[in-house]
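Structure, as C-alpha cells:
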Amino acid sequence: MKTIHNLVVSFLAVSACCALAQSQTAPSDDFKASRLNQPGQEYPQVNSQGYVRFRIQAPQAQSVTVTLGGRGGTPLTKGADGAWTGTTAGPMDEGFHYYHLSIDGGVFNDPGTLNFYGSTRWESGIEIPAHDEDFYALKAVPHGQVQQILFPSKTNGAAVFKTAYVYTPPDYQKSGRKRYPVLYLQHGWGEDEHAWWNQGRANLIMDNLIAEGKAKPFIVVMAYGQTNEAFRPGAGTRPAAGQRPNFNDMIARTGFESTLTDDLIPYVDANFRTQADQKHRAMAGLSMGGMETHMIALKRLDLFSDIGLFSGGVVTPDDVKNAQGFKDKVKVVFCSCGSRENPAAINANHVALEKIGIKNTVYVSPNTAHEFLTWRRSLYQFAPLLFQ
C-alpha cells in the first residue's frame, strides 16, 4: 500500500500539475481567452476540448517553451512578427493548473495571465473549465468574507507577526453573539496561505454548500503551514534517489505545530466568535498539508475532532491504536485522492478501519491526479460531514 511518504514523493517527482493527456484528435478551433487572463489579454486561450494555446511576444528570443503538466513542455514557434505561438499536444485535465515559460533557459511567468503562489514561487495559472464546476462557481447566493489576519507568534523564539486568511460564513456579521465551529485548512508543498481561497475556491465552495443547506456554517482558517521550510537548511534536505525522506521529522522541525496550537488557534478563538472546544474544531489539508494534519491532529486529539486528508495519506489502524482516546474523540475521518493517484490504497485502508469499528469516508475524484480539482472536490465532499 502506498504510504503518506510515497504519495508526496510522487507529487514532488511529477509536480503539482497534471500530465498532458495523450490525444490523436486535432484541437477544435473554438479557442477563447482563459478566464484567468490579465484584463484585456487575449492569450492564453482554452478550447472546448481542454487544449491550451499560447502567444508570447519575445522577438529577440531563440527558444520559448511552456511548462504546463508533468511530461515535458510545449515548444512554441516564432512567427514573422516576433511572436511565439503553440498549442498543447493534448487536452489538459479539467480544473486549475500552474505553468511557466522557459525563454532561452530562463524561467518567466506569462504576462497574459494572473499569478498564483505554487512550487515555492508565483507561477502563471490557467483554468480548464470543468463539467462539474457549478459547485465552486461564483453565484448569486449570500457570500461570506475572506479577511487577512496578522497574528503574533513566538515560534522558534523570535516574536513576529504571521499571516493567515479567515473565511467567515455569510451570516457571521448579522448573527449577533452566535458562535461557529472552525476548520483549519492547510495547503500543500510549494504553496502558502493564499492557495485555498485563491486557486482552491474554498470560500465559493462553502458559500454554495451553505446556500444549498448541505453544510453547516463554520469558519475556515487558512494559514501558511511552513511546508516550504521542510527542504530548506536546518529542516532537512531532499533525499537521494531511491531514498524516502522522514517527512514527519522534517515537518516537526519547521515549527508549524507550535505556530498552530500555541499561536494561531488561541488568536482565532480570542478574535472571532468560535465554539472554542475540541468537538467544534477540525483540521484538513491537501498533499503535504494532509501530512501535517495527520501528524498534528492525531497528536492533539484534545484540540481536533474531525480529520481530512486530501491526497495526503490515510489514518491507519495503527494510528487508531496509538492515538489515545481516538474512538471517543474523533468524529470524522475522511481520506481522498484523484483516480489517477492511488485509490486502491485509500479504499483498502477504508475497509481496514471499518473492520476495527472506525467509521470513515473515502472519496476518489474521477479523472484527476494530484491537482486542485481533486482537492476542490474533496473539500466539497468533506465539508458537509463536519460538526453534525
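The values are calculated or read from the model by the stated rules, or taken from the named source; none is laboratory data. These numbers come from a predicted model, not from an experiment. Heads up, the Cβs are rebuilt from the backbone with ideal geometry, glycines too, and the neighbour counts pull from every protein chain shown.
Within region 185-203, the presence of a residue that is part of a loop (DSSP other than H, G, I, E, B), modelled with pLDDT of 95 or more, in contact with a helix residue (DSSP H, G or I) (Cβ under 7 Å, 6 or more places away or on another chain) and surrounded by fewer than 21 Cβ atoms within 10 Å (Cβ to Cβ) is excluded. Do we find that G144 is within 30 Å of T65 (Cβ to Cβ) and in contact with a strand residue (DSSP E or B) (Cβ under 7 Å, 6 or more places away or on another chain) in this structure? The answer is no for G144. Among the candidates F334, F304, the residue that is more than 17 Å from the chain's Cα centre (by Cα), crowded, with 16+ Cβ neighbours inside 10 Å and touching a residue at least 12 places away in the same chain (Cβ under 8 Å) is uniquely F304. Scanning region 58-78 for residues that are outside any loop (DSSP other than H, G, I, E, B) and out of contact with any Phe, Trp or Tyr (no Cβ under 8 Å at 6 or more places or on another chain) returns T65, P75. The number of residues in region 132-160 that are part of a loop (DSSP other than H, G, I, E, B) and under 21 Å from A202 (Cα atoms) comes to 9.
Looking at region 340-357, can you tell me whether even one residue there is touching a helix residue (DSSP H, G or I) at 6+ places or on another chain (Cβ under 6 Å) and not hydrophobic (A, V, I, L, M, F, W, C)?
Initially, region 340-357 is screened for residues touching a helix residue (DSSP H, G or I) at 6+ places or on another chain (Cβ under 6 Å), giving 352, 356.
Narrowing the set further to residues that are not hydrophobic (A, V, I, L, M, F, W, C) leaves none.
No, there is no match, as no residue in region 340-357 is touching a helix residue (DSSP H, G or I) at 6+ places or on another chain (Cβ under 6 Å) and not hydrophobic (A, V, I, L, M, F, W, C).
Just wondering, is there one or more residues in region 40-62 that are surrounded by 15 or more Cβ atoms within 10 Å (Cβ to Cβ), of a type in the set (S, T, Y), closer than 13 Å to I126 by Cβ and touching a residue at least 60 places away in the same chain (Cβ under 8 Å)? The answer is yes; a qualifying residue exists.
Pick from region 116-134 the residues that are over 12 Å from V46 (Cβ atoms) and surrounded by fewer than 20 Cβ atoms within 10 Å (Cβ to Cβ): which of them is nearest to the chain's Cα centre (by Cα)? Here the residue is S119.
Table: residues versus (1) hydroxyl-bearing (S, T, Y); (2) under 18 Å from P129 (Cα atoms); (3) within 27 Å of the chain's Cα centre (by Cα).
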| position | (1), (2), (3) |
| --- | --- |
| G50 | no, yes, yes |
| Q62 | no, no, no |
| P75 | no, no, no |
| G95 | no, yes, yes |
| D110 | no, no, yes |
| L114 | no, yes, yes |
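Going by the structure shown, is K154 surrounded by fewer than 17 Cβ atoms within 10 Å (Cβ to Cβ), assigned by TED's automatic domain parsing to the domain that holds R273 and closer than 25 Å to Q49 by Cα? Judged against the criteria, K154 is not a match.
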